[in-house]
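A quick write-up on the structure given underneath.
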Amino acid sequence: MEKREIGRSGIKVHPFALGGNVFGWTIDESTSFEVLDTYVDAGLELIDTADVYSSWKPGNKGGESETIIGNWLKKSGKRNKVTIATKVGKPMGEGKKGLSRAYITQAVEASLKRLQTDHIDLYQSHDDDKNTPLLETLETYTDLIKQGKVRAIGASNYGADRLKEALQISKDHSLAAYQCLQPEYNLYEREQYEKDLEPVCRENHIGVINYYALASGFLTGKYRSENDLGKSPRGQGVKKYLNDRGYKILGALDQVASDYKTTPASVALAWTIARPGITAPIASATGIKQLHETVAAVNLNLKSDAIDLLTKASSY
């Protein structure tokens, strides 16, 4: 599978991103190291995390995922083999949130320290900050790129209008521009991205690194009824998919997985990868077996009839 450029950043990656949200949450440091080593040994490079991961776990304060990745980079010496994407803006404690110049300048240093690196390949606005002028945010990012601390910037959770506005401001003021968008997108959650965001991204050559690419695990086929929701800490988030449309999607995934002698997870990701405009779906892994199932999607070339079957089954 050929690499894809993240927007017009010059950064090229294989069409898969390893989600770092589980590091320090559902897997400890040693297991995280195993997953990271196996991922890179498979020839893949894009690792997606955020400063706030995984603050939601009792006892955590945020920064755990970046810290584990940083420890792994130091121990493995594989910094030149990976593309590190992290994010800023979600609440990290008293007064620590948003996209102001003062906070981004502070937060990027904290992320660099935790990651034990001198630069972040892709630095993303984790949330749209309506209280800070877009101009201020983009000027700050431009300065960080000039300083060599960041290579490219992206946006996550932006609406179509705000993304367009940000791109126009970058153009008008000759500032660094968002090269990618990180929206929620998968076989089940299609409508908002395809109707509103996809046209903006395609028109402006914005890369798309979509999160919840497996719908919190639902598209792996692990959750078939409410009795299955206790199988993992993320199980309760899957309940909303247990309906007629969800079961129809699982049926199509099962059929294609059987035809291609692979797993529903691989098929779901391969469908996303085949979507024009997608750069890389994000999927996390809590172990080596799960990682092998997901990264197999990179080399799974679905034929048009399989893609059509999945697209029709998941129609909204």
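Listing for the model above:
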quantity	calculated
Isotropically averaged projected area of the stretch 69-169, using the convex hull of Cα atoms (one quarter of hull area), nm²	6.6 nm²
Base-10 log of normalised Debye intensity for the stretch 1-76 (one unit scatterer per alpha-carbon) at q = 0.25 Å⁻¹	-1.12
Carbon plus sulfur fraction of accessible area for the chain, probe 1.4 Å, in percent	46 percent
Mean accessible surface per residue for the chain, computed with a 1.4 Å probe while every protein chain stays in place, in Å²	44 Å²
Chain lengthening between Q255 and R202 when straightened (0.36 nm per residue, less Cα-Cα)	16.0 nm
Long pairs among K239/K261; K12/K75; K146/K171; K57/K97; K130/K164; K97/K239, criterion Cα-Cα beyond 21 Å	K239/K261; K12/K75; K97/K239
Accessible surface, 1.4 Å probe, highest first, among residues T262, T49	T262, T49
Dimensionless Rg ratio for the chain, taking C-alpha atoms and the 2.2 N^0.38 Å reference	0.96
Per-residue [θ]222 nm for the chain (sum of -39500 (n - 2.57) over DSSP H runs n ≥ 4, rounded to 500)	-11500 deg cm²/dmol
Estimated dipole of the chain in Debye, rounded to 20 [Cβ of Lys and Arg +1, of Asp and Glu -1, Cα centre]	320 debye
Spatial separation of Cα centroids for the stretch 149-199 and the stretch 16-72, in angstrom	24 Å
Stokes-Einstein D (µm²/s) once Rh is taken as the Kirkwood radius of the stretch 266-316 over alpha-carbon pairs, at 25 °C in 0.890 mPa s	210 µm²/s
Highest-MSF residue in the chain out of G20, G95, G221 [GNM, Cα springs under 10 Å]	G95
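The values are calculated or read from the model by the stated rules, or taken from the named source; none is laboratory data. Remember, predicted model here, so these are calculated numbers, not experimental data. Every residue, glycine as well, gets a Cβ built from its backbone with ideal geometry; the counts of neighbours run over all protein chains shown. Just the protein is used for accessible areas: all its heavy atoms, side chains included, with ligands, DNA and RNA removed. Shrake-Rupley method; radii C 1.70, N 1.55, O 1.52, S 1.80 Å.
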